[in-house]
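Everything below concerns the one structure shown next.
The values are calculated or read from the model by the stated rules, or taken from the named source; none is laboratory data. Values in this document were obtained by computation on a predicted structure and should not be read as measured data. Glycine gets a Cβ as well: all are built from the backbone with ideal geometry, and neighbour counts include every protein chain shown.
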Amino acid sequence: MTDKHNVKKQLERIGADVRFWGRSEANELPNILFPDEQIQHALNGRYENGFALFCATNHRLLLLDKKPLMLSFEDMRYEMVSEVDYTEELFSATLKLQTPSRTLRFRSFRISKLRNLTNYIQEEVSRFRDIGHGAKSMQQQQAPLQPSSEYFQNATQADVSSYQQPDFSQAIHPSTKYRQQHLNMRRRVPKFTPPVKPSQT
């Protein structure tokens, strides 16, 4: 929650016109914004459920729809946005945002403001993606290096090509005087059978 006077100054700074349309939604912003959150863009328009105020802050995207006895708002983080589409027509423009859970379409007659809003969203989405890739690469650099499967494969092929069968004929086991035979040369020990006792007649 933030101060109402602070929110009003932010809306005046970015040139958001909420004196008539969007006044009730703007009055709810102090109850939704974080203390360190700054509004970068705010625009009136329509979405699938009717009229709404669309805001872009330095942390997230907010869609507010305030009607009598009803308040609906959506919180969309920049890292959640997977696709940003902008379509411009003769008298209006449409912004389409795609996330893993939903698709938001916002239409406004203020074409230039919606275009600036779209550009800001694209920059923030790219920035958060770069931060995510940077953190991932940092974790990979800090992780211990593991030999790849290709290394093991090449090493095995090199060993096989240069492998020579060792001569076990002169190998002497250190703890015995008998020669140690190769596994393939060992003979199977006959199974022990107890002697048969003579029958008493």
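Of Leu43, Leu53, which residue is surrounded by 12 or more Cβ atoms within 10 Å (Cβ to Cβ), closer than 25 Å to Arg127 by Cβ, touching a Phe, Trp or Tyr at 6+ places or on another chain (Cβ under 6 Å) and modelled with pLDDT of 90 or more?
The match here is Leu43.
Which residue, of Asp75, Asp159, is of a type in the set (Asp, Glu) and modelled with pLDDT under 85?
Numbers: Asp75 fails: modelled with pLDDT under 85.
Step by step, each of Asp75, Asp159 is checked, and only Asp159 is of a type in the set (Asp, Glu) and modelled with pLDDT under 85.
From Lys66, Lys8, grab the single residue that is out of contact with any Phe, Trp or Tyr (no Cβ under 8 Å at 6 or more places or on another chain), assigned to a helix (DSSP H, G or I), surrounded by 14 or more Cβ atoms within 10 Å (Cβ to Cβ) and basic (Lys, Arg).
Of Lys66, Lys8, the one residue that is out of contact with any Phe, Trp or Tyr (no Cβ under 8 Å at 6 or more places or on another chain), assigned to a helix (DSSP H, G or I), surrounded by 14 or more Cβ atoms within 10 Å (Cβ to Cβ) and basic (Lys, Arg) is Lys8.
For the range 11-31: of the residues being on the phi < 0 side of the Ramachandran plot, assigned to a loop (DSSP other than H, G, I, E, B) and of a type outside the set (Phe, Trp, Tyr), which is surrounded by the fewest Cβ atoms within 10 Å (Cβ to Cβ)?
Applying the filter and picking the extreme gives Arg19.
Any residue in the range 105-125 that is touching a residue at least 40 places away in the same chain (Cβ under 8 Å) and within 16 Å of Asn44 (Cα to Cα) sitting within a Cβ distance under 7 Å of a residue that is surrounded by fewer than 21 Cβ atoms within 10 Å (Cβ to Cβ) and not polar (S, T, N, Q)? List the pairs, counting only those 6 or more apart or interchain.
Hits for this filter: Arg105/Tyr47; Arg105/Glu48; Arg105/Lys96; Phe106/Tyr47; Arg107/Arg46; Phe109/Phe91; Asn116/His41; Leu117/His41.
What's the total number of residues in the range 69-121 that are assigned to a strand (DSSP E or B), in contact with a Ser or Thr (Cβ under 8 Å, 6 or more places away or on another chain), under 23 Å from Gly22 (Cβ atoms) and not charged (D, E, K, R)?
10
Which pairs turn up if I take residues in the range 58-87 that are closer than 12 Å to Glu25 by Cβ and without any contact (Cβ under 8 Å) to a residue 60 or more places away in the chain and look for partners that are aliphatic (A, V, I, L, M) and surrounded by fewer than 17 Cβ atoms within 10 Å (Cβ to Cβ) with beta carbon separation below 8 Å, at least 6 apart in sequence or on another chain?
Leu64/Leu71; Asp65/Leu71
Is it the case that Phe34 is more than 21 Å from Ser112 (Cβ to Cβ), outside any helix (DSSP H, G or I), at pLDDT below 90 and under 27 Å from the mean Cα position of the chain (by Cα)?
Here the answer is no, as Phe34 does not meet what is asked.
Only one of these is among the hydrophobic types (A, V, I, L, M, F, W, C) and touching a strand residue (DSSP E or B) at 6+ places or on another chain (Cβ under 7 Å): Leu90, Leu64, Leu71. Name it.
Checking each option against the conditions leaves just Leu64.
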